[in-house]
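Data first, discussion second: the structure below is written as structure tokens.
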Amino acid sequence: MRKLALSVVLALASPLAFAGSISGTVTLASDYLFDGASQTQGDMAFQTALDWSGDSGFYVGTWFSNVDFGEGDPADSEVDYYGGYGWEMDGGWAFAAGFVRYTYNGASDYNYTELTSSVTFPFGTEVLAYFADDDALGGSAYRVKGKHSIALPADFSLDLEATHTNYSSADFVDFNHAQVGVSRAFGPVTAYLGYSDTDDSDNVARDGTLLFTLSASADLFTY
């Protein structure tokens, strides 16, 4: 056991364990939608991400967006921190497990953490699961999301997404979300136009919404 522990420590201490790349992304969105629910009262959002992806399969990153939950609400921005480990297998299978920490500037009582996992099938469909147990959500909650993209002519892509969200607390409403869109990369810039809707007709923030985004990504450093 001591030899195994020492081997793990030495492996992590090796420069190869930290070999990887750092990338950045900037996004301008017509709305910040979180599984179909607007986080900006239907207004535009500016979002950034900084990610480190290791050759070993580990990854960490942080993501920022402005938010607006309504008049008088103290939250004005969201900063998320995430990390995990992903690996691929023969035959096109891929797996990942990790966490996301959601934090809100001006409203720390909104902060919560999700445990995440995903599997990508050989035919390209990705299924993701998220689980949280936090007072900010009134107890436990989980989300299950499916994503699939279909190549179209002229380098366009048809992007499909569906999510089911479930809360243990009666203070929150369970709902389903679906989104369909078309995207295309123009060099480092990707344009997306889609339509998002949920079955929660009582919540105006989850009504059907057109979404347009422009994202620019770049590899900042590789070592």
Within segment 197-223, which residues are closer than 23 Å to Ser30 by Cβ and aliphatic (A, V, I, L, M)?
Val204, Ala205, Leu210, Leu211, Leu214, Ala216, Ala218
Can you work out which of the residues in segment 62-85 that are surrounded by fewer than 17 Cβ atoms within 10 Å (Cβ to Cβ) and in contact (Cβ under 8 Å) with a residue 24 or more places away in the chain is nearest to Pro122 (Cα to Cα)?
Tyr85
Residues that are at pLDDT 95 or above, touching a helix residue (DSSP H, G or I) at 6+ places or on another chain (Cβ under 8 Å) and of a type outside the set (Val, Ile, Thr): which strands (runs of 3 or more DSSP E) entirely in segment 130-187 hold 3 or more of them?
175-186
Among the residues listed as Phe99, Phe123, Phe156, the single one being free of Cβ contacts under 8 Å to residues at least 60 places away in the same chain, in contact with a Lys or Arg (Cβ under 6 Å, 6 or more places away or on another chain), surrounded by fewer than 17 Cβ atoms within 10 Å (Cβ to Cβ) and not charged (D, E, K, R)
Phe156
Subset of segment 36-59 (residues that are surrounded by fewer than 15 Cβ atoms within 10 Å (Cβ to Cβ), out of contact with any helix residue (DSSP H, G or I) (no Cβ under 9 Å at 6 or more places or on another chain) and under 26 Å from Asp219 (Cα atoms)):
Met44, Phe46, Thr48, Leu50, Gly57
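The values are calculated or read from the model by the stated rules, or taken from the named source; none is laboratory data. Not measured: the values here are computed from a predicted model. Neighbour counts run over all protein chains shown; Cβ positions are idealised from the backbone, glycine included.
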